[in-house]
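A.B. asks: One structure coming up, written as structure tokens, with questions to follow.
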């Protein structure tokens, strides 16, 4: 069982994500703002962070880009961050300096079938890297 921190200002998505990840056997903590997520990192030490791209509860123009460097500093460079986004803007994991980006198509709904396999892929990669280090 891995610890996963989910940060999303959409309450329904936050709850559904928690249910899916807990059903897959993970321990999940949820927060609605980036600042709340940062506050829990030192004491809880997540193994992976799912971070919403648009963090409107942190401010109208605040995005994951504003928080990624802080999450890496506080939670650790080796903790995978996956950005979840409904934006039509093309997002690159390389440019964001994160493990991956999951895009949500609001017209066709969220593809829940990709969530758990994507999360588990990056948890596995992180575990392999920590064994090598």
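A.B. asks: Among the candidates 36, 77, which residue alone is more than 19 Å from residue 115 (Cβ to Cβ) and in a loop (DSSP other than H, G, I, E, B)?
C.D. replies: Details: 36 fails: in a loop (DSSP other than H, G, I, E, B).
Unique residue meeting the criteria: 77.
A.B. asks: Here's something else I'd like to know. In this structure, does residue 52 turn out to be in contact (Cβ under 8 Å) with a residue 40 or more places away in the chain, within 22 Å of residue 29 (Cα to Cα) and exposed (fewer than 15 other Cβ atoms within 10 Å of the Cβ)?
C.D. replies: No.
A.B. asks: Now for a separate question. I'd like the residue in the range 87-110 that is farther than 30 Å from residue 43 by Cβ, assigned to a loop (DSSP other than H, G, I, E, B) and in contact with a strand residue (DSSP E or B) (Cβ under 8 Å, 6 or more places away or on another chain) and, out of all such residues, is modelled with the lowest pLDDT.
C.D. replies: 87
A.B. asks: Is one or more of the residues making up the range 5-17 within 14 Å of the chain's Cα centre (by Cα), in a loop (DSSP other than H, G, I, E, B), within 18 Å of residue 97 (Cβ to Cβ) and at pLDDT 90 or above?
C.D. replies: Among the residues of the range 5-17, not one is within 14 Å of the chain's Cα centre (by Cα), in a loop (DSSP other than H, G, I, E, B), within 18 Å of residue 97 (Cβ to Cβ) and at pLDDT 90 or above, which makes the answer no.
A.B. asks: Under 7 Å between Cβ atoms, which residue pairs at least 6 apart in sequence (or on different chains) link something in the range 71-91 that is without any contact (Cβ under 8 Å) to a residue 40 or more places away in the chain with a partner that is outside any loop (DSSP other than H, G, I, E, B) and surrounded by fewer than 14 Cβ atoms within 10 Å (Cβ to Cβ)?
C.D. replies: 74/42
A.B. asks: Among the listed residues 39, 64, which satisfies the condition of being at pLDDT 95 or above and closer than 27 Å to residue 129 by Cβ? Full working, then the answer.
C.D. replies: Numbers: 64 fails: at pLDDT 95 or above.
Answer to the selection: 39.
A.B. asks: Consider residue 8 carefully, then state whether it is farther than 26 Å from residue 124 by Cβ and in contact (Cβ under 8 Å) with a residue 24 or more places away in the chain. Quick ask: steps written out before the conclusion?
C.D. replies: On the way: farther than 26 Å from residue 124 by Cβ: no; in contact (Cβ under 8 Å) with a residue 24 or more places away in the chain: yes.
Answer is no for this residue.
The values are calculated or read from the model by the stated rules, or taken from the named source; none is laboratory data. Quick caveat: nothing in here was measured; it's all calculated off a predicted structure. Note that we place each Cβ from the backbone using ideal geometry, even for glycine, and neighbour counts take in every protein chain shown.
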